[in-house]
Amino acid sequence: MLGRRLDLIEKARAIGQSVAGPNAGAVDKDGRFPAESIAALKDAKLLSAFVPTKYGGEGCSVGDLLSICHALGQHCSASAMVFAMHQIQVACAVRHAGSSAYFADYQRELVKQQWLLASATSEAGIGGDARSSSCAVEQSGQSLALTKNATTISYGAHADGILATARRNPDAPASDQVLVALHKKDYALERTSNWDTLGMRGTCSNGFLLKAKGTMDQVLPLPYGDISAHTMLPVSHLTWAALWLGIATDAVSRARSFIRTEARKKPGSVPAGAVRLAEVVNMLQLMKANVVACAEHYQAIADQPEALTAIGVAIELNNLKAGTSQMALQVVHHAMLICGIHGYKNDTKFSVGRHLRDLHSTVLMVNNDRLFGITASLLLVHKEDTTL
Amino acid sequence: MTEDIRAIIKEHGRLAVDVKTLKDDADLYAAGLTSHASVNLMLALESKFDVEFPERMLKRKSFESVAAIHAAIAELLKEKG
């Protein structure tokens, strides 16, 4: 198994089964925040699992986080996605705290308070490019002010803090960004758009106008370009891929139990969808191998800044995200064909409609077309890996 | 060689500032170089100096400043003999 902290993974699995799963239908139907799941994850201290033990956290690995995302994804996509997005912020703060006393305290407080952290990277007028900002940190002595028209801050209204990207100062170019860790008391949010979507309805990814004040020590010491390459982008693509795999795994589990039920009805005959199930299990295995291989590669080079900026690594992670999202959708589509009308209906134990709707978000969040465009440009200079 | 490199950065780097104002060791990424522009920069450098950047050089550090690019090209030209 990728994750080694079986104690933590078991806690997540139990929360998935007893809390996230039973509420997943209502979260989806009402498009509401999965408050019960997040409260349970806070109670289990899982929100600070990645914080080093010296600050009171569990000091778990990225691999452990992926196993937790995968476990939650099998029960409630929105809970798993909120947990993943939170851990991406935690990973940035933990891995790039440097020698900052402020961020050492920040980690201690994160453990004590079990803060839920959200992200404000997208911005009106910029499109989907997280590596460009129009807003800027305005410094006055040791104080800072930041106003950001964020097109999306997932679960922004429910978070205890937000990590926002911005230009280093009002004179900096769009790509010279920093990451600022803001506390709830530092900012006011004005909702600018709704979140009434096909799927992933519980992430409550509304747009907000963020108006914040703080101090300069809330700016992470490393430039955002490096934070993005070293941590935010890899951990995003890895955690997402793991939870999407979890969603697809649950759909296959429903398809498998449907086939088994059919087989029991007519002993001696192989049900119509059984071969398709074999095919879909093969796809699931490929997806899993991809997630594990990328995660192991990332963990091996996670502390080598130069290796992390290699073009080959960027392509590998782009492919993980694009490939897993496409394949997860195909897997669930097959699961629906296997379960037939019972899968299409929303109220049977073989329903996979929610899985399918949730997974349609995966190709759009960081649009695969844009990712393939970036990869296409990188391939103009990249050479194939000829080793095995 | 530095002047050629600077001319290529000016044409393909799409920096937010004039490359003339930057020292040889100034951070080009902080000056607005994006990963997309850096690919065009690499292609132009390969064409100008008739070299090909091997995989080991395809990382952020190799293109972070005029001096870093100079060092990379010099190493490739030396290997070429």
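See the values below:
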item	result
Only one of B:L15, B:L28 that is surrounded by 15 or more Cβ atoms within 10 Å (Cβ to Cβ), within 20 Å of A:A314 (Cβ to Cβ) and within 14 Å of another protein chain (Cβ to nearest Cβ)	B:L28
Of all residues making up the stretch A:124-148, the number that are away from chain B (no Cβ under 14 Å), surrounded by fewer than 19 Cβ atoms within 10 Å (Cβ to Cβ) and at negative phi	8
Candidates A:E306, A:E316, filtered to the one that is modelled with pLDDT of 95 or more, charged (D, E, K, R), farther than 18 Å from A:G246 by Cα and not in a loop (DSSP other than H, G, I, E, B)	A:E316
Top-ranked residue in the stretch A:344-388 [being crowded, with 17+ Cβ neighbours inside 10 Å and in contact with an Asp or Glu (Cβ under 7 Å, 6 or more places away or on another chain); ranked as farthest from A:M327 (Cα to Cα)]	A:R354
Hits in the stretch B:44-63 - residues which are facing chain A (nearest Cβ under 7 Å) and surrounded by 16 or more Cβ atoms within 10 Å (Cβ to Cβ)	B:F53, B:L58, B:K59, B:R60
First in the stretch B:37-66 and in contact (Cβ under 8 Å) with a residue 40 or more places away in the chain, second anywhere and of a type in the set (D, E) and not in a loop (DSSP other than H, G, I, E, B), Cβ under 7 Å, 6 or more apart	B:K48/B:D4
Filter result for A:A229 (assigned to a helix (DSSP H, G or I) and among the aliphatic types (A, V, I, L, M))	yes
Residue within the stretch A:31-45 that is polar (S, T, N, Q), buried (at least 24 other Cβ atoms within 10 Å of the Cβ) and closer than 21 Å to A:L66 by Cα present	yes
When residues of the stretch A:168-208 are limited to those that are touching a residue at least 60 places away in the same chain (Cβ under 8 Å) and either on the phi > 0 side of the Ramachandran plot or in a loop (DSSP other than H, G, I, E, B) (or both), the one farthest from the other protein chains (Cβ to nearest Cβ)	A:D196
Count of the stretch A:37-77 residues which are of a type in the set (A, V, I, L, M), assigned to a loop (DSSP other than H, G, I, E, B) and under 17 Å from the mean Cα position of the chain (by Cα)	1
Tally, over the stretch A:306-318, of residues that are more than 8 Å from chain B (Cβ to nearest Cβ) and more than 16 Å from the chain's Cα centre (by Cα)	4
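Listed here are the residues, each with its yes/no results for (1) of a type outside the set (G, A, S); (2) within 14 Å of another protein chain (Cβ to nearest Cβ).
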position	(1), (2)
A:A322	no, no
A:A328	no, no
A:M365	yes, no
A:D385	yes, yes
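The values are calculated or read from the model by the stated rules, or taken from the named source; none is laboratory data. The structure presented is a predicted model; accordingly, all values stated were derived computationally and were not measured. A quick note on method: Cβ atoms are made from the backbone with ideal geometry, for glycine too, and the neighbour counts reach across all protein chains shown.
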